[in-house]
Amino acid sequence: MLGLPSTSLPTLMITLALGTPVLTLLGAIGAALTVGLRRGGLLLALLVLPLYIPVLILGSGALRAALDGLAVQGFVLWLASLAALAITLAPWAIIAGLRISLNE
């Protein structure tokens, strides 16, 4: 599938497992901030898209390094640190965003 050699599939699965929660939680933060707005869709895209880019760059960089036979540990460690940061801090940011929306 997708022309990937079987040697790079573990890297793909690891980066997907680490990047998906980060992207989901960033989207939840943006949704919590724009939940009370009429035209929140555009604002949501403007808030969240710049935060998605580093995760996507790290994931694609890890896969490219795996395809080239280079070390992927640096990319995976950065993704793991972003995942740990998002898992620990995103619930607090979501709560704060919802409280701000409810107070208005």
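The values are calculated or read from the model by the stated rules, or taken from the named source; none is laboratory data. All values derive from a computational prediction rather than experimental measurement. Counting neighbours? That spans all protein chains shown, and the Cβs are built from the backbone with ideal geometry, glycine included.
Points to keep in mind about this one:
- Tabulated pairs, region 93-104, first within 15 Å of Leu26 (Cβ to Cβ), second modelled with pLDDT of 85 or more and in a helix (DSSP H, G or I), C-beta under 7 angstrom, 6+ apart or interchain: Ala93/Ile29; Ile94/Ala28; Ile94/Ile29; Ile94/Ala32; Gly97/Ile29; Gly97/Ala32; Gly97/Leu33
- Any hit, region 22-42, residues being of a type outside the set (Ser, Thr, Tyr), loosely packed, with under 12 Cβ neighbours inside 10 Å and either in contact with a Lys or Arg (Cβ under 9 Å, 6 or more places away or on another chain) or part of a helix (DSSP H, G or I) (or both): yes
- Of the candidates Leu37, Leu70, Leu85, the single residue that is more than 18 Å from Thr20 (Cα to Cα) and either touching a Cys at 6+ places or on another chain (Cβ under 7 Å) or modelled with pLDDT of 95 or more (or both) is Leu70.
- Look at (1) out of contact with any helix residue (DSSP H, G or I) (no Cβ under 7 Å at 6 or more places or on another chain); (2) assigned to a helix (DSSP H, G or I) and you find that Leu70 fails only one, number (2).
- Single residue of Leu79, Leu43, Leu26 found to be in contact (Cβ under 8 Å) with a residue 24 or more places away in the chain and under 30 Å from Asn103 (Cα atoms): Leu26
- Within the span defined as region 95-102, every residue fails to be surrounded by 13 or more Cβ atoms within 10 Å (Cβ to Cβ) and either under 14 Å from Leu18 (Cα atoms) or within 11 Å of the chain's Cα centre (by Cα) (or both).
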